[in-house]
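Take a look at the structure set out below.
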Amino acid sequence: MGAREADTQPAAFVELAPGDDIQKALDRAEPGDTIMLKDGVYYQSLLIARGGSPGKPVTLRAAHGGGATLSGAVPPARATLTFERVEGDLYKAAVPHRVWWVMVGPRNLVNYGRLDLLKQFLFPNQSNGTLKPCAPEGFAWHDGILYIRLENDGDPNSEPVEISRLTGGDVDPELGKPGHKGEHWAPDTGFDVPGLGHLYSETIGLITVKADNVVIEGLRLHMGVGAAVIVHGNDVTVRDCYITGAHIGICQPDILALPPHQTPGERPISRSNRTGCGLTVEYCEFTAPPGYEAARRGAWSGLYASNISAVFMNYGGARSVVRHNWVYDSSQDHLQPRGNGTTDPRDAGEIAYNFLQNCGDDTIEFDSATPLNLRVHHNVIVDALCLLSLCPVMGGGLTIDHNLFYASPENNPPRCPWLKLGTPWGKGLPTRGVRLVHNTVVQPRGCLQWFGDNQRYEDILMENNVIYVGEAQAWNSTDFLISRHNLYCGPGVKAEHMPQMTHGQQPFVSLKPIDFNIRPDSAAVDAGATGKDEEYFHTSAGKAPDLGAIEWGETWKFPRPGPRWATGREISGRPALPASLPGKWVGME
Ligand SMILES: [Ca+2]
Ligand SMILES: [Ca+2]
């Protein structure tokens, strides 16, 4: 470990190797300092309490991108577990400390909490405690014994089992009990452990940042349990990190004590304008298998409140930027942005150029009562139980433009909606202040909306989109204004289903494989509302704007998402693209 020569030195590089104490180096850091981690695994959890200043952050960085792993697992030398068969595929091993998380290779196991639930693979439903089928793999820890069951009668003695280290973690024992109406909402805040309570994700993490101007870069963040990174500070950047084994990848809690309970209905809404500001998360990769696969196999409602119902980001601060990330294989919403509480353009947030794939719930869910002040653009969203949730956006301030949404016919379950509407907070609360412009939606076996009828809407703008669906629906919400400058098409679509919109034949160059460019003879060419290019962030050509995300003749340039150090086989277990989706659409060519 290199030492700082003098405290007056403007910045220091400290290079550490596995076994060195990262915390000690962090506790001495001054603005502008960089702590470099040499290749290897660091079994440490960190609190960053000393930050930098604007332009001079404190940086924690892998010396070689992806070479250094920060792990919340028990080090292998100490993880000498001997499993003994109890009955059938149920095994047990003595582990004196409580185990919050277990992984087998890339797979996360459900923390069933109670042995009887593990034996039945049943997990209490979030809302009413009813036991629901859940993933057929899992564990339960009780009184110094770890019980485990693996799929296909797997013997844990011959599998790469990792268990979480001894660590703290606040559990509210009153929450998460079957039937208990507590002020929490898994998975937004954490996860339930049956028999024990609700674990808040902000209480166990690999890195907790309680300082401003901090950069975390190039690391593998493994088994954070509650979260990989818990962000309390302002102007924190996480980039080029690969995140596995956490309930929430980046968790930005409110500074207020949880849970504030200040809105109608039963769901806690955070006073998000008190959250840290200026969060940037870019070029990261997050995955939580087998979440999507288990949700597809019908375990969704059992998984919902469990630890493996994982979320890439739950956050809400002003000036947040989320870009160039690749997120896949989770059973929960990939992104959960909360309202940042302001309408000032200087506080606006952005979600851009992300590739969001294989989501077992709603890929982005914006549950928010306060203004979002957010633009969501140039993302590619591929395969999900629901591609996007406006459920609900009560504070407005949301623009969604130039995104590609694709539910592939070969990978995705049928009947996938593009938009989840309605509200979980009771009737009478309108969704408002949403602009959906210049998006391209292709769902050969899906539909337009879910829960949308007979809700209230205010100030909704839907214009210049192309929506291709396999299943047509009528639309009964007259206050959800739909411009005629949208193309609604697909094999089952009839003009009377959505008379407000323009109808037409197959607008694309090809559906197999998918080519999102519109055909020159498509009804979408030059059919957009004119005079709104600037407002809609669009550049039109020809006589008028084209409908959809891509003007005819233009090229879609999607930068390769995920850590920039992982361009080959540095990361295993990435999902294949659907065969019908050429890689160029997501920057893979
Ligand atoms: Ca959701
Ligand atoms: Ca045009």
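Scan the strands (runs of 3 or more DSSP E) fully inside the stretch 27-145 and keep the ones with 2 or more residues being in contact (Cβ under 8 Å) with a residue 24 or more places away in the chain, of a type outside the set (A, V, I, L, M, F, W, C) and under 24 Å from Phe286 (Cα atoms). So the answer is 40-42, 58-62, 68-71. Among the listed residues Ile308, Ile351, which satisfies the condition of being under 23 Å from Thr423 (Cβ atoms) and either of a type outside the set (D, E, K, R) or within 14 Å of ligand 1 (Cβ to nearest atom) (or both)? Answer to the selection: Ile351.
Yes or no, residue by residue, for (1) without any contact (Cβ under 8 Å) to a residue 24 or more places away in the chain; (2) part of a loop (DSSP other than H, G, I, E, B); (3) farther than 18 Å from Gly446 by Cβ:
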position	(1), (2), (3)
Thr478	yes, yes, yes
His485	no, yes, yes
Val493	no, yes, no
Phe516	no, no, no
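Please tell me if Ile308 is more than 16 Å from ligand 2 (Cβ to nearest atom), among the β-branched types (Val, Ile, Thr) and under 17 Å from His377 (Cβ atoms). Answer is no for this residue. Filter the stretch 503-534 down to the residues that are more than 28 Å from Lys584 (Cβ to Cβ) and not acidic (Asp, Glu), then identify the one that is farthest from ligand 2 (Cβ to nearest atom). For the stretch 503-534, the residue satisfying everything is His503. It is to be established whether one or more residues within the stretch 170-184 are at pLDDT 95 or above, surrounded by fewer than 19 Cβ atoms within 10 Å (Cβ to Cβ) and more than 24 Å from the chain's Cα centre (by Cα). No, the stretch 170-184 contains no residue that is at pLDDT 95 or above, surrounded by fewer than 19 Cβ atoms within 10 Å (Cβ to Cβ) and more than 24 Å from the chain's Cα centre (by Cα). Residues in the stretch 520-539 that are of a type in the set (S, T, N, Q) and surrounded by fewer than 19 Cβ atoms within 10 Å (Cβ to Cβ) were compared, and the one that is nearest to the chain's Cα centre (by Cα) is Thr539. When Ser201 is tested against (1) in contact with a Cys (Cβ under 9 Å, 6 or more places away or on another chain); (2) modelled with pLDDT under 75, only condition (2) is not met. Of the residues Thr555, Thr567, only one is away from ligand 1 (no atom under 16 Å from the Cβ), farther than 19 Å from Phe405 by Cα, out of contact with any strand residue (DSSP E or B) (no Cβ under 7 Å at 6 or more places or on another chain) and part of a loop (DSSP other than H, G, I, E, B); which? Sole residue among the options that is away from ligand 1 (no atom under 16 Å from the Cβ), farther than 19 Å from Phe405 by Cα, out of contact with any strand residue (DSSP E or B) (no Cβ under 7 Å at 6 or more places or on another chain) and part of a loop (DSSP other than H, G, I, E, B): Thr567. Filtering the stretch 561-580 down to residues that are among the charged types (D, E, K, R) and touching a residue at least 12 places away in the same chain (Cβ under 8 Å), which residue is nearest to Ile514 (Cα to Cα)? Filtering the stretch 561-580 for residues that are among the charged types (D, E, K, R) and touching a residue at least 12 places away in the same chain (Cβ under 8 Å), the one nearest to Ile514 (Cα to Cα) comes out as Arg574.
Within the stretch 226-251, the set of residues being β-branched (Val, Ile, Thr) and either closer than 14 Å to Asp188 by Cα or surrounded by fewer than 24 Cβ atoms within 10 Å (Cβ to Cβ) (or both) comprises Ile230, Thr237, Ile248, Ile250. Among the residues of the stretch 563-577, is there at least one that is surrounded by 12 or more Cβ atoms within 10 Å (Cβ to Cβ) and either touching a His at 6+ places or on another chain (Cβ under 7 Å) or more than 30 Å from Asp39 (Cα to Cα) (or both)? Yes, the conditions are met somewhere in the stretch 563-577.
One residue alone among Ser572, Ser580 is in a loop (DSSP other than H, G, I, E, B) and touching a strand residue (DSSP E or B) at 6+ places or on another chain (Cβ under 8 Å), and that residue is Ser580. All but one of (1) more than 16 Å from ligand 1 (Cβ to nearest atom); (2) modelled with pLDDT under 95; (3) of a type outside the set (Phe, Trp, Tyr) hold for Leu390; which doesn't? The one condition Leu390 does not meet is (1). Scanning the stretch 268-301 for residues that are of a type outside the set (S, T, N, Q), modelled with pLDDT under 90 and not in a loop (DSSP other than H, G, I, E, B) returns a single hit, Arg274. When the residues of the stretch 393-428 are filtered to those that are touching a Phe, Trp or Tyr at 6+ places or on another chain (Cβ under 6 Å) and not hydrophobic (A, V, I, L, M, F, W, C), the one that is modelled with the highest pLDDT is Asp401.
The values are calculated or read from the model by the stated rules, or taken from the named source; none is laboratory data. Note that the structure is a prediction, hence the values are computed from the model and not measured. All Cβ positions, even for glycine, are placed from backbone atoms using ideal geometry, and neighbour counts span all protein chains on display.
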